[in-house]
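Asks: The structure is given below, and queries will be raised subsequently.
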Amino acid sequence: MKLLKPFIIFLIINFGALGIGSLFMAAGPKSEWYLQLNKAPWTPDGWVFGAAWITIMVCFSAYMVFLYTKRMTNKVAILFVAQFILNVSWNFLFFNNKLIDIALVNIILLTMIICAFLMTYLKDLKWKSLLILPYFIWLCIATSLNLYISLYN
């Protein structure tokens, strides 16, 4: 019960990031611009993105609760805020402003931050670190999709 309140708070913050990112997306994946891009052959169907992000944010919220209760430091807070900003801003850069290459740098930085969470706190969280793996794996896929678009458009 002690973990429920921070879990709900992290869910609100993390799903808030998705909501803000969606607002910054403009027409996003349904826009004429995006539909005309040369996309990677491994680009998943649109519904996969939604399902992936829901799973990622539930798992990441649980991960953050465990990290928060085990070792809440300024470094954890800074990493969390940085990932929030990078997560939200990617949609704005990629879809809204069509800055594909800058969005690629953004998502690489976001992937590095999630990797830093994973590696830095693995010893503290042990098996609970598995909760951040969906985020890391998805970012690797998303980075490859962004890179493909950067290279072939």
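Taken together, the values in this text are just the output of simple stated rules run on the coordinates, not laboratory data. Keep in mind the model is a prediction, meaning the values are calculated, not measured. So basically every Cβ, Gly included, is an ideal-geometry build from the backbone, and we count neighbours across all protein chains shown.
Asks: In straight Cα distance, which lysines are under 29 Å from Lys126, not counting same-chain residues fewer than 8 positions off?
Replies: Lys2, Lys5, Lys70, Lys75
Asks: Then there's this: What is the fewest-to-most order of Lys30, Lys2, Lys128 by other Cβ atoms lying within 10 Å of their Cβ?
Replies: Taking fewest neighbouring Cβ atoms as first place, the list is Lys2, Lys30, Lys128.
Asks: Further question on the same structure: Starting from the stretch 32-127, pick out the chymotrypsin sites (Phe, Trp or Tyr not before Pro) whose DSSP state is loop and whose Cβ has at most 13 other Cβ atoms within 10 Å.
Replies: Sparse-neighbourhood loop chymotrypsin sites (Phe, Trp or Tyr not before Pro): Trp42.
Asks: For the chain, what is the mean residue ellipticity at 222 nm derived from helices alone (per DSSP H run of n ≥ 4: -39500 (n - 2.57); sum divided by total residues; nearest 500 deg cm²/dmol)?
Replies: Value at 222 nm, helices only: -25000 deg cm²/dmol.
Asks: Considering every Cα-Cα pair within the stretch 4-152, what fraction, in whole percent, is farther apart than 23 Å?
Replies: 34 percent
Asks: How large is ³J(HN,Hα), in whole Hz, for each residue of the stretch 26-34 in order, when computed from phi with the Karplus curve 6.51 cos²θ - 1.76 cosθ + 1.60 and θ = phi - 60°, using x for Gly and Pro?
Replies: In residue order, the calculated couplings are 6, 6, x, x, 9, 6, 4, 4, 5 Hz.
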